[in-house]
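Have a look at the structure below before the remarks.
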Amino acid sequence: MAFLQVSSDPELFGGVPIVTGTKVPVASVVALVCEGRTAEEIVQKYPELEIGDVDLCLEFQRGGAH
């Protein structure tokens, strides 16, 4: 599965996967979900995200980098 909305660039953020077009690391979103935050709360914290981006991050984490 290709994750076009997740990008990784060694020159930016040390290659950490981020939601494309933002500075939000996938791992930060996943950590907030693990803490029990809702998608709505995460979007409030990171207004550059959309609700679907939270699901995207979880799918990316489950599927790993490709």
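Among residues belonging to the stretch 13-23 that are open to solvent by less than 90 Å² (accessible area, probe 1.4 Å) and free of Cβ contacts under 8 Å to residues at least 24 places away in the same chain, point out the one that is farthest from VAL54 (Cα to Cα). So, considering only residues that are open to solvent by less than 90 Å² (accessible area, probe 1.4 Å) and free of Cβ contacts under 8 Å to residues at least 24 places away in the same chain, the one farthest from VAL54 (Cα to Cα) is GLY14. Scanning the stretch 39-63 for residues that are of a type in the set (Asp, Glu), loosely packed, with under 12 Cβ neighbours inside 10 Å and without any contact (Cβ under 8 Å) to a residue 24 or more places away in the chain yields a count of 1.
Of all residues assigned to the stretch 52-64, none qualifies as being in a loop (DSSP other than H, G, I, E, B), at negative phi, modelled with pLDDT of 95 or more and not acidic (Asp, Glu).
Total residues in the stretch 8-46 satisfying the condition of being within 11 Å of CYS57 (Cα to Cα) and in a strand (DSSP E or B): the figure is 3.
The values are calculated or read from the model by the stated rules, or taken from the named source; none is laboratory data. What you see is a predicted model; the values in this text were computed from it and never measured. Using ideal geometry, Cβ is built from the backbone for each residue, glycine included, and neighbour counts are taken over all protein chains shown. Keep in mind that these areas ignore ligands, DNA and RNA; they rest on the heavy atoms of the full protein, side chains included. Shrake-Rupley method; radii C 1.70, N 1.55, O 1.52, S 1.80 Å.
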